[in-house]
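Single-structure report; data block below.
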Amino acid sequence: MLTQGTAAGRRLLFFLLLPLFMTAGGADAGLPGPRFVGQIANVTVTAGRNAVLTCTVEHLRGYKVAWVQVETQTILTIHTSVITRNPRVGLSHEGHTVYRLHLKDVTEDDRGYYMCQINTDPMINQKGFLQVVVPPDIEDTAWTGDLVVREGTNVSLECKARGYPPPVVTWRREDPHDPTHHSVKVLEGQTLTIGKVSRLHMGAYLCVASNGIQPSVSKRIQLKVQFPPMLWIPNQLEGARMGTTALLECNTEAFPRSINYWTNYRGEMIAATGTKYDTMTKEESYKTYMRLVIHNLTKEDFNTYRCIAKNSLGETDGSIKLYEIEPRSPTEDSTESSVSNGDAGEGGEVGQEDEEGLENHTSREDMERNYTTQRRGRTRGKQTPSKKTGRDSQSMDSASGRDSVPPYDHSFTYESGATTLLPPHPVFCAVVVYVVIEGRL
């Protein structure tokens, strides 16, 4: 603040100096008296910077100009001299028309009205306002800092700021891409209260203070929520075959971060050996993902395994049963392979024979009589190999290897447009001859 002694002393000094302002006005009788040109512009400046107030006059002649701080009634300058002892106050002028008051490194105490006055009788003056703004600042004494609380309690985060104009304090979650969608929205106020805090509220909160004066300031509070371990198991029953590899999974949550490990059915801790067991963990915030890989499974490996999580608040565990899947028998594998291969081969051959039969056999009566076996157009039984199809290779059953020809084989082929019965039989020969004759008639 610009001060000089007590208020009474300042007023006395002003009146003692007043005669110095006065000049003989008789010689200037009839001439226009001094007056102000325009108004003193109000000035806004940030604390710590310099400010300049300008007063412009005309027709001053022998009169004097002085600068006075209105609130304290402190005389700062008279004409071309600085009166106050404040080293931050300065004066510059251009002839007898422009008088500038300089204030260096202004503070909030410098805020207020400043008066430029001319010692006429009566005295004339005009005022200008100096506004000093202060960027926001967060008070350390009111800063909560990092907080560690138990889950389920109520928590209040404090953030007080000062500045001019008074700053607005807002809160927001620092991680806006929180996948849980439990991020606190932007809230206004010096205190942020969260009722029954949970692990989903754990994270960083940002207190931002702003008042339009740059720069805005912010501070971070790390909220940590303590709770005992809990876990869940995606699959409590896992199956695998002997000699293969098994993967067991277990997921835990805890804060403080828990100690996590696996045990076998004897309760012994499983250590990663690189050949038999591999253990892997992935940590993300208060979550831990556990993996146990068991290589080259033996009979002893098919048992119960436990995943265990411990911290200072408690412990928990879960079990996973690993059972053996019976291996496939060689007969099942061979049969399945034969069926898949045979279906593909027979399908192509049957399709070809069906196409030949449909082209060469047009008798409606033949279509109505059941002369075919399980697959139409496929020859079964012993016969002379056909130059076109080689049917004798199909006389053996693929699965048993035994002759599967029935006592009376009704199978036939279509070749060169004629019907050939294999093997010949008196009864069936007559039937076929009749069919041929009827067809030709």
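The values are calculated or read from the model by the stated rules, or taken from the named source; none is laboratory data. Not measured: the values here are computed from a predicted model. Cβ: placed from backbone, ideal geometry, glycine included. Neighbour counts: every protein chain shown. Please note that ligands, DNA and RNA were not included when accessible areas were found on the heavy atoms of the full protein model with its side chains. Shrake-Rupley method; radii C 1.70, N 1.55, O 1.52, S 1.80 Å.
Among strands (runs of 3 or more DSSP E) entirely within the stretch 97-144, having at least 1 residues that are within 18 Å of GLY212 (Cβ to Cβ), open to solvent by less than 60 Å² (accessible area, probe 1.4 Å) and of a type outside the set (Phe, Trp, Tyr) singles out 124-138. In the stretch 60-71, of all residues being surrounded by 15 or more Cβ atoms within 10 Å (Cβ to Cβ) and not basic (Lys, Arg), the one that is nearest to LEU130 (Cα to Cα) corresponds to GLN69. Looking only at the stretch 85-96, residues that are crowded, with 17+ Cβ neighbours inside 10 Å and either more than 60 Å from the chain's Cα centre (by Cα) or over 16 Å from VAL52 (Cβ atoms) (or both) come to 1 in all.
Number of residues in the stretch 227-272 that are open to solvent by 60 Å² or more (accessible area, probe 1.4 Å), among the aliphatic types (A, V, I, L, M) and part of a loop (DSSP other than H, G, I, E, B) equals 3. Scan the stretch 199-222 for residues that are over 30 Å from TYR164 (Cα atoms) and either at pLDDT 95 or above or part of a strand (DSSP E or B) (or both) and the total you get is 1. When restricted to residues that are outside any loop (DSSP other than H, G, I, E, B), within 19 Å of SER198 (Cα to Cα) and touching a strand residue (DSSP E or B) at 6+ places or on another chain (Cβ under 9 Å), the stretch 284-298 contains 2. Please tell me if PRO122 is over 60 Å from the mean Cα position of the chain (by Cα) and without any contact (Cβ under 8 Å) to a residue 24 or more places away in the chain. Taking the combined requirement at face value, the residue satisfies it. Applying the condition of being outside any strand (DSSP E or B) and in contact with a strand residue (DSSP E or B) (Cβ under 7 Å, 6 or more places away or on another chain) to the stretch 299-329 and asking which residue is least open to solvent (accessible area, probe 1.4 Å) yields ASP301.
Assess whether ARG199 counts as being surrounded by 13 or more Cβ atoms within 10 Å (Cβ to Cβ) and touching a His at 6+ places or on another chain (Cβ under 9 Å). The answer is no for ARG199.
Residues that are aliphatic (A, V, I, L, M) and modelled with pLDDT of 95 or more were ranked within the stretch 83-95; the one that is nearest to ASN119 (Cα to Cα) is LEU91. The set of residues in the stretch 214-226 being open to solvent by 40 Å² or more (accessible area, probe 1.4 Å) and in contact with a Lys or Arg (Cβ under 9 Å, 6 or more places away or on another chain) consists of GLN226 alone.
The residue pairs whose first member lies in the stretch 146-159 and is on the phi > 0 side of the Ramachandran plot, whose second member is part of a loop (DSSP other than H, G, I, E, B) and open to solvent by 40 Å² or more (accessible area, probe 1.4 Å), and whose beta carbons are closer than 8 Å, counting only pairs six or more residues apart or on different chains, are GLY152/LYS196.
For the stretch 61-96, a tally of residues being out of contact with any helix residue (DSSP H, G or I) (no Cβ under 7 Å at 6 or more places or on another chain), under 15 Å from LYS127 (Cβ atoms), outside any strand (DSSP E or B) and not hydrophobic (A, V, I, L, M, F, W, C) returns 2. Please enumerate the residues belonging to the stretch 181-196 that are open to solvent by 70 Å² or more (accessible area, probe 1.4 Å) and either outside any strand (DSSP E or B) or not β-branched (Val, Ile, Thr) (or both). Across the stretch 181-196, the qualifying residues are HIS181, HIS182, LYS185, VAL186, LEU187, GLU188, GLN190, LYS196.
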